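> A single structure is presented below for examination.
The values are calculated or read from the model by the stated rules, or taken from the named source; none is laboratory data. Remember, it's a predicted structure, so these values are computed and weren't measured experimentally. Cβ placement follows ideal geometry from the backbone for every residue including glycine, while neighbour counts extend to all protein chains displayed.
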Amino acid sequence: MKLFDSHCHLDDPAFDPDLGDVIARARNAGVAGMIIVGIDYKSSKKALRIAKSEDGFYASVGVHPHDSKECSDAVLNRLRDLAEDLKVKAWGEIGLDYNRMFSPKSVQEKWFERQLEIAIEDDLPVILHERDTRGRLMEILSACPVAGKDAVVHCFSGTKEDLKAYINADFYIGITGILTITGRGNDLRKIIPMIPRERLLVETDAPYLTPHPEKKHTRRNEPAFVKSVLLTLAQIRKEDPEDLAEAVWENSCRLFRITGRESCA
């Protein structure tokens, strides 16, 4: 199977000691494409550097809601400079997080709206982060002309009603290792069949959210483990894993506008 990890953080310091081995394991597992996702200027710059070192690896740039309090127009201008590189395929991870509240709501919303404007102006797909906003994320998105086909809801683990709203908005849905975990993933597994096949993406969010069965052996997630997410997804949807992997690959390339010349044919 040819796999695409649509959301990982290989720039995280957790990978510094053995990044080469992590990449080799991903290749051996069939991971031929991945998006290395930035959460601030420093991580976005590092994500791009790693992406430029490997065929099939790409980056995104943006300021995570946790880091909104550190955002500024100057930071966003520097990110826009990074985004001129052809290896940058999206703006994100951006959005709202009302769970941990590392940045005040008003600050999160201000810089989320500004980054949406930039993504639209620069014609880049958007990687969305949402947690415990009770519809506020969709309210903001409804007021901004973001095309649904140009956005993915990263690490979806919401309710049936949330999923319906995202599907109606034509968003892509990113599925992580949460799907594989007994207990935490129970509700998600029940609604997975609702997602149109052409809107599915798989991701690791590495080094976080290690899936089963790898979770029994290591706390650190890595891109190679996206295969476990795909296999569980296929089992739940009662689809052939290779057929589903091919569909997810095509979805990833379509969203991030990756062409055959860029090793995504």
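> Filter segment 146-170 for residues that are at negative phi, touching a Leu at 6+ places or on another chain (Cβ under 9 Å) and not in a helix (DSSP H, G or I) and give the result.
The answer is V146, A151, V152, V153, H154, F156, S157, G158, A169.
> Consider I173 carefully, then state whether it is touching a residue at least 60 places away in the same chain (Cβ under 8 Å) and either in contact with an Asp or Glu (Cβ under 6 Å, 6 or more places away or on another chain) or not in a helix (DSSP H, G or I) (or both).
So I173 fails the test.
> Right, next: Closer than 20 Å to T259 by Cβ, surrounded by fewer than 16 Cβ atoms within 10 Å (Cβ to Cβ) and of a type in the set (A, V, I, L, M, F, W, C): is that true of L48 in this structure?
no
> Something else: When you go through I167, I192, I175, I140 one by one, which is the residue that is modelled with pLDDT of 90 or more, surrounded by 13 or more Cβ atoms within 10 Å (Cβ to Cβ), of a type in the set (V, I, T) and more than 18 Å from the chain's Cα centre (by Cα)?
Details: I167 fails: more than 18 Å from the chain's Cα centre (by Cα); I192 fails: more than 18 Å from the chain's Cα centre (by Cα); I175 fails: more than 18 Å from the chain's Cα centre (by Cα).
On inspection, the qualifying residue turns out to be I140.
> Restricting to segment 1-22, give me the number of residues that are free of Cβ contacts under 8 Å to residues at least 60 places away in the same chain and assigned to a helix (DSSP H, G or I).
Residues meeting the conditions: 7.
> Would you pick out the residues in segment 182-230 that are in contact with a strand residue (DSSP E or B) (Cβ under 7 Å, 6 or more places away or on another chain), more than 15 Å from K164 (Cα to Cα), among the β-branched types (V, I, T) and not in a strand (DSSP E or B)?
The answer is T204, V226, V229.
> Which one of these is among the hydrophobic types (A, V, I, L, M, F, W, C) and in contact with a Lys or Arg (Cβ under 6 Å, 6 or more places away or on another chain): A245, A206, A224, A234? Walk me through how you get there before you give the answer.
Numbers: A245 fails: in contact with a Lys or Arg (Cβ under 6 Å, 6 or more places away or on another chain); A206 fails: in contact with a Lys or Arg (Cβ under 6 Å, 6 or more places away or on another chain); A234 fails: in contact with a Lys or Arg (Cβ under 6 Å, 6 or more places away or on another chain).
Answer to the selection: A224.
> Okay, moving on. Would you point out which residue out of D11, D16, D5 is closer than 23 Å to R78 by Cα and not hydroxyl-bearing (S, T, Y)?
The match here is D11.
> Inside segment 87-135, can you point out the residues that are among the small types (G, A, S), surrounded by 19 or more Cβ atoms within 10 Å (Cβ to Cβ) and under 20 Å from Y172 (Cα atoms)?
A90, G92, G95, A119
> Let me ask something additional. Just the residues that are exposed (fewer than 13 other Cβ atoms within 10 Å of the Cβ) and not in a loop (DSSP other than H, G, I, E, B), please, taken from segment 67-86.
D73, A74, N77, D81
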